[in-house]
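See structure below.
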Amino acid sequence: MNNYNNNIIQPDKYGRRLKYLRISVTPACNFKCIYCKPHSENMKSEVVEKILGYDDILYVSEIFAGLGVNRLRVTGGEPLVRKDIVPFLSKLSAINGIEEVMITTNGSLLKKYSADLLNAGVARLNISLDTLNAERFNYIAGTNKFEETMEGIRTAIKTDFKQVKINAVMIKGFNDDELVDFVNFAAEENIIMRFIEFMPVGNHNLWSQENIITSEMILNQLSHLNPVKLGKDKNSGPAVNYKLSNGATIGIITPITKHFCDDCDKVRLTYDGYIRSCLLDDREIDIKDAIRNRDTDMLIEGIKEALAIKSKEYDKNSVEVKNGYNRTMSRIGG
Ligand code: SAM
Ligand code: SF4
C-alpha cells in the first residue's frame with residue numbers, strides 16, 4: 001500500500017479526520033427521479049469521454065486509503081448500470097486499508113446483482129425508495145420499475161449483507177403521508193428505514209424550505225410508536241436513530257435543518273475527476289490531470305486543497321441555495 005503520513009492532511013483545521021470517500025462511477029441512471037435529473041443510459045459521447053476509467057478510480061482510492069480513508073461508498077447515477085461494475089468492486093474491496101465497500105443503489109437491479117455484490121466484498125447497501133405505492137413510484141422515479149425494485153430489495157434483504165438500509169427522501173405533499181407505511185415495512189422486513197431531508201440540489205424548481213419534512217415533523221407523526229433515541233454507532237453516518245414500539249429502527253438525516261458538519265469525515269470523487277469536499281458547496285478541486293498522469297504528489301496536493309476548503313458548516317444563505325447548485329445529485333453522487 002502507498003502508506004503516506006496521515007499528518008500530511010489530517011486532521012483538517014476544524015479537527016475532522018477524513019475516513020470516507022464517496023465515489024460516483026457514472027452520471028447515468030435507469031430512473032428519472034423527479035428531483036434528480038440524471039443522464040439517461042444513452043449518454044452523449046462528450047459525457048462518456050469524461051467518465052473516469054475504473055483504473056483511474058482504483059488509483060485515486062489507493063491514494064486515499066494510504067492517507068487514512070477506510071470506507072468507500074460507490075454511487076452514481078445508478079452504479080449498477082455501469083458495465084463490469086462487479087469486478088471493479090472486487091478490486092476496490094481488495095485495496096489495502098479499506099475496511100468496507102458500500103453501495104448506494106435504486107434497487108432495480110438487485111435481483112440480478114445481490115449475490116455478485118456480496119461475493120465482490122460489498123458489505124452494506126443503501127437502497128433508495130421514496131414510496132411504497134406503485135403508481136406514485138412511476139411519478140416520483142419516472143419509471144415503471146416498481147415491481148423490479150421491490151423484488152430487488154427483497155433479494156438484497158435475503159442476501160447475507162452486513163446491513164441493508166432503505167433511504168427515502170421525504171417531500172411535503174409527495175410522500176409524507178407514507179411515514180407509517182414505511183416504518184411498518186421496516187418492522188416487517190427487519191431493516192433500517194432512513195428519512196432524508198430534501199436538499200436544494202437537482203430540480204431547484206421543486207425545492208423550497210417549506211417542502212422539507214423535518215425531524216420534528218417525523219417524530220410527531222410517529223409519536224404513537226414512542227420513538228426512543230439510540231446512541232450513535234459508526235455505521236449510522238449522519239443519521240440520528242430511533243427505535244419504535246412496532247420494532248422498527250429508523251434514522252433521520254437532516255442536512256438542511258440540523259447539519260452535522262462537525263463530524264463530517266467524507267469527501268466525494270465525482271465521475272469526471274473532481275473532489276467535492278461538501279455536497280452542499282459547489283467548490284471542487286480538479287484532479288483530472290493528476291489522475292491522467294498518475295502524478296501522486298499532485299493528487300495529494302489536490303486532496304489537501306479540497307480539505308482546506310471543506311466548509312465548517314452548511315451556509316443556508318449561500319448563492320447555491322438561492323439559485324440552485326451547478327451539479328444535480330446524479331452528477332455528484334448523492
Ligand atoms: N441511483 C442511486 C440511488 O438513487 O440510490 C445512487 C445515486 S442517488 C443520486 C443517491 C441518493 O441521493 C438517493 O438516495 C437519492 O434519493 C438522493 N437524492 C437525490 N436528489 C436529492 C435531493 N434533492 N435531496 C435529497 N436527496 C436526494
Ligand atoms: Fe437515478 Fe438515484 Fe437520481 Fe433517482 S436519485 S434518478 S435513482 S441517480
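Remark: Ile34 falls outside the filter, which requires a residue to be over 30 Å from Met150 (Cα atoms) and modelled with pLDDT under 95.
Being at pLDDT 95 or above, surrounded by fewer than 16 Cβ atoms within 10 Å (Cβ to Cβ) and more than 28 Å from Pro11 (Cα to Cα) is a description that does not apply to Ser208. Exactly one residue among Gly107, Gly77, Gly97, Gly68 is small (Gly, Ala, Ser), within 12 Å of ligand 1 (Cβ to nearest atom) and open to solvent by 10 Å² or more (accessible area, probe 1.4 Å), and that residue is Gly77.
When we screen Leu230, Leu219 for residues that are touching a Pro at 6+ places or on another chain (Cβ under 6 Å) and away from ligand 2 (no atom under 14 Å from the Cβ), the only hit is Leu219.
For (1) within 12 Å of ligand 2 (Cβ to nearest atom); (2) in contact with a Lys or Arg (Cβ under 9 Å, 6 or more places away or on another chain); (3) among the small types (Gly, Ala, Ser), each residue gets a yes or a no:
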site	(1), (2), (3)
Val86	no, no, no
Val101	no, yes, no
Leu109	yes, no, no
Lys158	no, no, no
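For the range 113-150, the set of residues classified as more than 16 Å from ligand 2 (Cβ to nearest atom), in contact (Cβ under 8 Å) with a residue 40 or more places away in the chain and not hydrophobic (A, V, I, L, M, F, W, C) consists of Ser114, Arg124, Asn133, listed by residue number.
Of the residues making up the range 254-266, those that are touching a helix residue (DSSP H, G or I) at 6+ places or on another chain (Cβ under 9 Å) and either of a type outside the set (Lys, Arg) or at pLDDT 95 or above (or both) are Thr254, Ile256, Thr257.
The residues listed here are Asp56, Asp84; of these, the one that is at positive phi and open to solvent by 10 Å² or more (accessible area, probe 1.4 Å) is Asp84.
Phe195 falls short on exactly one of the conditions (1) open to solvent by 20 Å² or more (accessible area, probe 1.4 Å); (2) touching a strand residue (DSSP E or B) at 6+ places or on another chain (Cβ under 9 Å); (3) not in a loop (DSSP other than H, G, I, E, B), and that condition is (1).
Pairs are defined by a Cβ separation below 9 Å, a sequence spacing of at least 6 or placement on different chains, a first member in the range 74-89 that is among the charged types (D, E, K, R), and a second member that is within 9 Å of ligand 2 (Cβ to nearest atom) and in a helix (DSSP H, G or I); the pairs so defined are Glu78/Ser330.
Being more than 20 Å from the chain's Cα centre (by Cα) and either over 25 Å from Asp116 (Cα atoms) or within 12 Å of ligand 1 (Cβ to nearest atom) (or both) narrows it down to one residue among Asn167, Asn190, Asn205; which is it? Write out each step before concluding.
Numbers: Asn167 fails: more than 20 Å from the chain's Cα centre (by Cα); Asn190 fails: either over 25 Å from Asp116 (Cα atoms) or within 12 Å of ligand 1 (Cβ to nearest atom) (or both).
The match here is Asn205.
If only residues of the range 110-128 that are of a type in the set (S, T, N, Q) and away from ligand 1 (no atom under 11 Å from the Cβ) are counted, the one that is nearest to the chain's Cα centre (by Cα) is Ser114. Look at the range 279-291: where a residue is without any contact (Cβ under 8 Å) to a residue 24 or more places away in the chain and a partner is open to solvent by 20 Å² or more (accessible area, probe 1.4 Å) and not in a loop (DSSP other than H, G, I, E, B), sitting 6+ places away or on another chain with Cβ atoms under 6 Å, you get Glu284/Tyr274; Asp286/Tyr274; Ala290/Met298. A residue that is within 20 Å of Ile196 (Cβ to Cβ), small (Gly, Ala, Ser), assigned to a helix (DSSP H, G or I) and modelled with pLDDT of 95 or more occurs somewhere in the range 154-176. Assess whether Phe182 counts as being of a type in the set (A, V, I, L, M, F, W, C), under 27 Å from Asp263 (Cβ atoms), open to solvent by less than 20 Å² (accessible area, probe 1.4 Å) and within 16 Å of ligand 2 (Cβ to nearest atom). Considered against the rule, which asks whether it is of a type in the set (A, V, I, L, M, F, W, C), under 27 Å from Asp263 (Cβ atoms), open to solvent by less than 20 Å² (accessible area, probe 1.4 Å) and within 16 Å of ligand 2 (Cβ to nearest atom), Phe182 comes out as no.
The values are calculated or read from the model by the stated rules, or taken from the named source; none is laboratory data. Here the structure is a predicted model, which is why all the values come from computation and not from measurement. Heads up, the Cβs are rebuilt from the backbone with ideal geometry, glycines too, and the neighbour counts pull from every protein chain shown. The protein model used for the area step is the full one, side chains on, heavy atoms only, and it has no ligands, DNA or RNA in it. Shrake-Rupley method; radii C 1.70, N 1.55, O 1.52, S 1.80 Å.
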